[in-house]
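Working notes for the structure below.
The values are calculated or read from the model by the stated rules, or taken from the named source; none is laboratory data. Because the structure is predicted, anything quoted here is derived from the model rather than measured. Here the Cβ is made from the backbone with ideal geometry for all residues, glycine too, and neighbour counts use every protein chain on show.
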Amino acid sequence: MILWGNLKKFRKMLCLFIFSKKKTTLMKYKDIAQFMYENEEPFTSIRQKSLVFSYIGSNSKQEKAQVYNLVMKIQLRYKRCSSNYERFLAREKKWISTNFQLKESLQTQNPKKKIVKPVKRKKRTFNLLGKGGKNNRIRELRDEYDPEAIKEAIIQFERQSGNMKMVRLLKQIFKDQSQIDGLLAVLDSKPSFSETNTVPTEAATSFLLMNDISKKTYLNIRDISLRYGLRWPSYQEIILAKESCRPSKDHLTVTSDSAIYQPIEVVRHTLDRIIDSDVLEMIKRESSADRDRIHLDFVLKAGMDGTSGLELYKQTRSDDATTSEQNEQSLLVSHIMPLLLRSKNEHNLIYFQADKPSSRTSCRPLALKFKKENQDSVVEEYERMTADFESNQVFEIEINGEHGRLTLVIHLTVLMVMVDGKIINLLTNNSSQRCVTCKAGPKELMNPNGDFTAIPHCLRFGLSILHFSINSFRNIMNIAVRLDFKERDCRGEERKAKRDLQHERICIEFKQKLNLVIDVPKTGGFGTTTDGNSCRKAFENAEVFAEITNVDVGLISRIWLISIAISTRIELCPNKFKSFCDDTRLLYHELYSWYPMCPSMHRVLVHGHEFIREVTAPIGLSIGYTSEEPLESTNRLLKYFRLHRTRKDSRTHTMTDWINRLMDTSDPRLHQYGKTSGGRSKQYPDAVRNMFKIPNV
Ligand SMILES: [Zn+2]
């Protein structure tokens, strides 16, 4: 039996047959099956359904479905009988003799199951399709539409989504194919960065040093930044930049227990780093054009400090070691800090001014020596420094720039002020009980009308302003514990007991009222918990301070006002300062004439105005610039750098890395990249403002 006969003919006939019977009578399945058999045309493929429908196009969807189902049903049962017509008739005898009515069946059938069965499957979302499905869909689209239309459609879609950058890009690519190569090159190559998103080497070096980042951390930061389009310089470039932060190696002498730079070379190098292209431009502009020799004033402060409690390293000692192991726990450090660079003419134009004169950050090391802080070592270092500075009071720097040769004549002023009382006493062979400047001892210090004429050159060590408030605080405490008997001497059991009782009460009250811990020895045996911050807090709360100690509140607040005045960066008028100090001193003598004023308080109250007049005023800086604070705060950092930022494979390596790290972190040029936290604009008390050289600043 031929089942694939004239398809078209069969369908036409089937439709005619069904619809001719439809109106009048019932049909049996058998009739249709027979018709199909006779016409040798069973449906074999689902695709044929559309052809059937094309013949019965005028009918409703439901009817189409009905016809289709009918045909399929017969076909299915026919196939089950191995496409054998005889067998089909025998096996499906019962079924084919049932009635079939088109209209009626439409109504009786479950409409959901039968009728609503979608003729066309709903198209699935493209993204949900499998790979093959996607390919089919794309092929359909490609076959059906013009490529130009598809391109336009994409552009239109992006425009509707508001993605105008994409619209621009697509238009460009579709319009001008020649640009494709260029775009591809950009995508293929490692991103080629423009100047703007490359971190300058100096800025990166500054970032690394100021944040104390290790090489490993730096390289990790570099990697992740590169991924997001920011290029940091390679570590090799950083190493080179760090080297330029240091004077030439030729001027560095390293032994197993010292690292020493020639002082004047550090000064020259510091100056070199300060005078960058901007400063040079300024210098040239301000000085008259035809001069090739420009005179400049360069002011810096210098000093030294001893620190102890360093760890002993188990490194092999070489033969050149001059110190005993014992001494290796003590270190003597000397530093300089640039304060001011300005033109040496009537204009006094300032090209550089230290913005944090009390911070350790711009302290440049001159020497690190494992030595005890004693007279020999201190005097030796002091003489080494001063000899070098004095023989180079005026020196020249040659600059070969774009605009030809230029000679800068530098007039050097070094203030030896970064020294604490201990160092000054060692240098001047003075006892700690006496005033450094006039050598007055405790007896003279008790005399309100004493002769305190300054000994020449003894003003140069500054006023030790950091220690002023701490020592004044101690002075007041000493008065407070003796108020019961009002005598300097504490001899005898009775007085000692009274003193100790008062001391205990005062310490407890400080804890209760101001939450301050006073005079508790620190572990390790270095000083007590009475530090600058505790003193500041006590003085700021002058009334509570006076209430606890029973010392006159007027005196306490006057001392505090002087302490503020000498640490400002605004110039003071020596006369006004003197008169305020004199009143304070007389008040002290009036109230507590039985206890000598401590030398550091005396130094500020009596010699402060002389120091302003003779040392700071000629330079044009305030006393605040001469603080010894920077050195005091480096000690912890020194230990940290030695432990974490040096090689330990040999003593000389440790020393070299140590001094280099200090040199790198203090580089003035790198500091430009740091945070510029503008100093808090302080509101000064009226009494302090009245001491200013120019009132109402
Ligand atoms: Zn004195």
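Condition check for Lys372 on (1) closer than 30 Å to Glu311 by Cα; (2) in contact (Cβ under 8 Å) with a residue 60 or more places away in the chain; (3) buried (at least 22 other Cβ atoms within 10 Å of the Cβ): one failure, at (3).
Scanning segment 461-501 for residues that are among the charged types (D, E, K, R) and touching a helix residue (DSSP H, G or I) at 6+ places or on another chain (Cβ under 7 Å), we see that the one that is farthest from Val551 (Cα to Cα) is Arg499.
Let's see how each residue does on (1) within 16 Å of the ligand (Cβ to nearest atom); (2) outside the structural domain of Arg342 (by TED's automatic domain parsing); (3) at positive phi:
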position	(1), (2), (3)
Tyr592	no, yes, no
His607	yes, yes, no
Glu614	yes, yes, no
Ala617	no, yes, no
Leu621	no, yes, no
Arg645	no, no, no
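Determine whether segment 271-284 contains at least one residue that is at pLDDT 90 or above, within 30 Å of Asp376 (Cα to Cα) and assigned by TED's automatic domain parsing to the domain that holds Arg384. Checked segment 271-284: no residue is at pLDDT 90 or above, within 30 Å of Asp376 (Cα to Cα) and assigned by TED's automatic domain parsing to the domain that holds Arg384.
Please verify whether Gly462 is closer than 26 Å to Leu561 by Cβ, without any contact (Cβ under 8 Å) to a residue 12 or more places away in the chain and within 14 Å of the ligand (Cβ to nearest atom), treating the condition exactly as stated. When the stated conditions are applied, Gly462 does not pass them.
Restricting attention to segment 206-231, the residues that are hydrophobic (A, V, I, L, M, F, W, C) and within 15 Å of the chain's Cα centre (by Cα) total 6.
Of the numbered conditions (1) buried (at least 16 other Cβ atoms within 10 Å of the Cβ); (2) in a helix (DSSP H, G or I); (3) not β-branched (Val, Ile, Thr), Arg168 fails exactly one; give the number of that condition. It is condition (1) that Arg168 fails. If you scan segment 450-473, which residues turn out to be under 17 Å from His589 (Cα atoms) and either surrounded by fewer than 19 Cβ atoms within 10 Å (Cβ to Cβ) or among the charged types (D, E, K, R) (or both)? Within segment 450-473, Gly450, Asp451 qualify.
Where helices (runs of 4 or more DSSP H) sit wholly within segment 374-445, those with at least 2 residues that are under 42 Å from the mean Cα position of the chain (by Cα), at pLDDT below 90 and more than 13 Å from the ligand (Cβ to nearest atom) occupy 421-428.
Matching residues to (1) farther than 27 Å from Leu406 by Cβ; (2) of a type in the set (Val, Ile, Thr); (3) in contact (Cβ under 8 Å) with a residue 12 or more places away in the chain:
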| site | (1), (2), (3) |
| --- | --- |
| Leu209 | yes, no, yes |
| Leu230 | yes, no, yes |
| Gln236 | yes, no, no |
| Ile239 | yes, yes, no |
| Ile294 | no, yes, yes |
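The single condition among (1) in contact (Cβ under 8 Å) with a residue 24 or more places away in the chain; (2) farther than 21 Å from Asp305 by Cβ; (3) within 16 Å of the ligand (Cβ to nearest atom) that Ile570 does not satisfy is (3).
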